[in-house]
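Data first, discussion second: the structure below is written as structure tokens.
The values are calculated or read from the model by the stated rules, or taken from the named source; none is laboratory data. Note that this is a predicted model, so its numbers are computed, not measured. Every residue, glycine as well, gets a Cβ built from its backbone with ideal geometry; the counts of neighbours run over all protein chains shown. Only protein heavy atoms, including side chains, enter the accessible area calculation; ligands, DNA and RNA are left aside. Shrake-Rupley method; radii C 1.70, N 1.55, O 1.52, S 1.80 Å.
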Amino acid sequence: MKYLVLIMVMFMVGCTNGHQFGKREATQQQEALPDLDTFGAQLAVELGQYVRPFKPNSTVAVTSFFRANQLDNTLDGQGFGLGLALQESLMTHLSQMGADVVEYRLRNALSLQSSADSMLSRELDMLNQRQKIDLVVVGTIVESRDIYLVNARLVDTLHNRSVSAASISIPKIAMWGTERVTNRNGQIIRSQY
């Protein structure tokens, strides 16, 4: 009887240690998630991979990414900032890939303030009125329970036709990390266990 109890205790300790090891592995896998810039680079590569031929020296503009069902509304809550982060990342990676990316937010003049200097603006009256944009990257974000599905299209502005398209899935955990319970925007948020 003593041996039976001893064997059962050893078996239970062995199972507990294996469970702890499995948890540690899962945590290490979650920590290995790529950052948003990596997802932007992946999107840029996919857009460049499936592109139809277009005229040489074509200029490309990259717009903000919006919710697919509200094309004038960005994500809020956990996804806040995702659309702008993708826009900025795509502009960088497409430029690095050799595309002639237009910075259409460039002001007519430098803005000097006491705390910062800027040449960028989103105010139409501050921007150059004439922009040469041959192609534009437009994008939408669809939110599901665990991921953001990001769709991007490279559109020929003369004919309003898509010359390339790409789609990626971004796990929601990539936006906030691996914390289990946190306070965000005045709400208690619990992630998956």
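The H on the amide N of residue 101, modeled in the peptide plane, is under 5 Å from the matching H of 60, each at least 5 residues off or on a different chain.
Per-residue surface analysis assigns residue 169 an accessible area of about 60 Å², computed on protein heavy atoms at 1.4 Å probe radius. Backbone geometry of segment 89-104 corresponds, through the Karplus equation with coefficients 6.51, -1.76 and 1.60 at θ = phi - 60°, to 3J(HN,Hα) couplings of 5, 5, 4, 5, 5, 5, 4, 5, 7, x, 6, 8, 7, 8, 9, 6 Hz, x marking Gly and Pro.
Using a 1.4 angstrom probe on the protein heavy atoms only, could you order 58, 144 from most to least accessible area?
Numbers: 58 10, 144 55 Å².
Descending accessible area places them as 144, 58.
Label reach from residue 64 (point 7 Å along Cα→C-beta): in segment 153-177, amide nitrogens under 19 Å belong to 153.
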